[in-house]
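Peer 1: Have a look at this one before I ask anything.
The values are calculated or read from the model by the stated rules, or taken from the named source; none is laboratory data. Everything numeric in this text was worked out from a predicted model, so none of it was measured. No Cβ is skipped: glycine too gets one built from the backbone with ideal geometry, and neighbour counts run over all protein chains shown.
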Amino acid sequence: MAQVVIMMGSASDEEKVSPCVDVLRSLGISYVFTVSSAHRTPERTEKLVREEEARGARVFICAAGMAAHLAGAVAARTTCPVIGIPVSGGVMGGMDALLSTVQMPPGFPVATVAMDKAGARNAAWLAAQMLALADPALRERIESARARMRADVEKAAADVEARYRA
């Protein structure tokens, strides 16, 4: 059973979206990573949402560029949380995808994160936090990961300060 379903509108977006998988793996969260297009394969998108939700999926992460309707198409078919990752490209450099992802009609929200790799990582972290509401062990893993991040910053600060000490 996958707790998180990651869909991207095109296989060409894999490099930008795959950091999402790295975070989920590091936290021990099960996932499915696939391709489905809101426009080219609407039936596949609908079937994936229906089937994965029936199998126990709790959060959907959708990455798409240009018109970026995938997250909205998924949100229209589930009451599970949907997180949208706008993917750069196209004539507006990703602004078109950002605006398409963030502007959903009332009642069909999509939590929108940053574009590309940074957005993919934060989409995974946000999904993890949502799942951790009902999973104390996952919450502890998230807290441990954040403690490591804080320690890394402290170490980096000490290293820089040591190199530039007057």
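Peer 1: Among the residues of the range 1-28, count how many are under 11 Å from Arg58 (Cα atoms) and in contact (Cβ under 8 Å) with a residue 60 or more places away in the chain.
Peer 2: So the count comes out to 2.
Peer 1: I'm trying to understand the selection: among the residues of the range 29-55, which are among the β-branched types (Val, Ile, Thr) and either free of Cβ contacts under 8 Å to residues at least 40 places away in the same chain or assigned to a helix (DSSP H, G or I) (or both)?
Peer 2: Matches in the range 29-55: Val32, Thr34, Val35, Thr41, Thr45, Val49.
Peer 1: Hey, another quick one. In the range 65-78, is there at least one residue being in the same structural domain as His39 (by TED's automatic domain parsing), at pLDDT below 95 and on the phi > 0 side of the Ramachandran plot?
Peer 2: yes
Peer 1: Out of all the residues in the range 19-34, is one or more more than 27 Å from Ala134 (Cα to Cα) and crowded, with 19+ Cβ neighbours inside 10 Å?
Peer 2: Here is the first cut: in the range 19-34, the residues more than 27 Å from Ala134 (Cα to Cα) are none.
No, there is no match, as no residue in the range 19-34 is more than 27 Å from Ala134 (Cα to Cα) and crowded, with 19+ Cβ neighbours inside 10 Å.
Peer 1: While we're looking at this one, here's another question. In the set Ala158, Ala127, Ala111, which member is touching a Phe, Trp or Tyr at 6+ places or on another chain (Cβ under 9 Å) and at pLDDT 95 or above? I'd like the intermediate steps shown before the answer.
Peer 2: Numbers: Ala158 fails: touching a Phe, Trp or Tyr at 6+ places or on another chain (Cβ under 9 Å); Ala111 fails: touching a Phe, Trp or Tyr at 6+ places or on another chain (Cβ under 9 Å).
Just one listed residue meets the conditions, Ala127.
Peer 1: Right, another one. Provide a single number: the residues in the range 142-165 that are farther than 19 Å from Ala128 by Cβ and either among the small types (Gly, Ala, Ser) or within 28 Å of the chain's Cα centre (by Cα) (or both).
Peer 2: Within the range 142-165, residues that are farther than 19 Å from Ala128 by Cβ and either among the small types (Gly, Ala, Ser) or within 28 Å of the chain's Cα centre (by Cα) (or both) number 7.
Peer 1: For Glu14, work out the one condition from (1) part of a strand (DSSP E or B); (2) surrounded by fewer than 18 Cβ atoms within 10 Å (Cβ to Cβ) it doesn't fulfil.
Peer 2: Going through the list (1) part of a strand (DSSP E or B); (2) surrounded by fewer than 18 Cβ atoms within 10 Å (Cβ to Cβ), Glu14 breaks only (1).
Peer 1: Let me ask another. Of the numbered conditions (1) modelled with pLDDT of 95 or more; (2) under 21 Å from Val59 (Cβ atoms), Ser100 fails exactly one; give the number of that condition.
Peer 2: (1)
Peer 1: Mind telling me which of the residues Ala68, Ala127 ends up being more than 11 Å from the chain's Cα centre (by Cα) and in contact (Cβ under 8 Å) with a residue 40 or more places away in the chain?
Peer 2: So the residue among Ala68, Ala127 that is more than 11 Å from the chain's Cα centre (by Cα) and in contact (Cβ under 8 Å) with a residue 40 or more places away in the chain is Ala68.
Peer 1: Just to be sure I understand, how many residues within the range 56-83 are outside any helix (DSSP H, G or I) and either farther than 22 Å from Ser12 by Cα or in contact with a Leu (Cβ under 6 Å, 6 or more places away or on another chain) (or both)?
Peer 2: Applying the first criterion (outside any helix (DSSP H, G or I)) to the range 56-83 yields 56-69, 76-83.
Those still in the list that are either farther than 22 Å from Ser12 by Cα or in contact with a Leu (Cβ under 6 Å, 6 or more places away or on another chain) (or both) too: 56-59, 62, 64, 76-81, 83.
Of the residues in that region, 13 qualify.
Peer 1: Let me ask something additional. I'm trying to understand the selection: among the residues of the range 121-166, which are of a type in the set (D, E, K, R) and surrounded by fewer than 13 Cβ atoms within 10 Å (Cβ to Cβ)? Steps first, please.
Peer 2: The first filter runs over the range 121-166 and keeps only residues of a type in the set (D, E, K, R), leaving 121, 135, 139-141, 143, 146, 148, 150, 152, 154-155, 159, 161, 163, 165.
Selection gives Glu140, Glu143, Arg146, Arg148, Arg150, Asp152, Glu154, Lys155, Asp159, Glu161, Arg163, Arg165.
Peer 1: I need a count of the residues in the range 84-120 that are surrounded by fewer than 18 Cβ atoms within 10 Å (Cβ to Cβ) and either among the charged types (D, E, K, R) or in a strand (DSSP E or B) (or both).
Peer 2: Count: 1.
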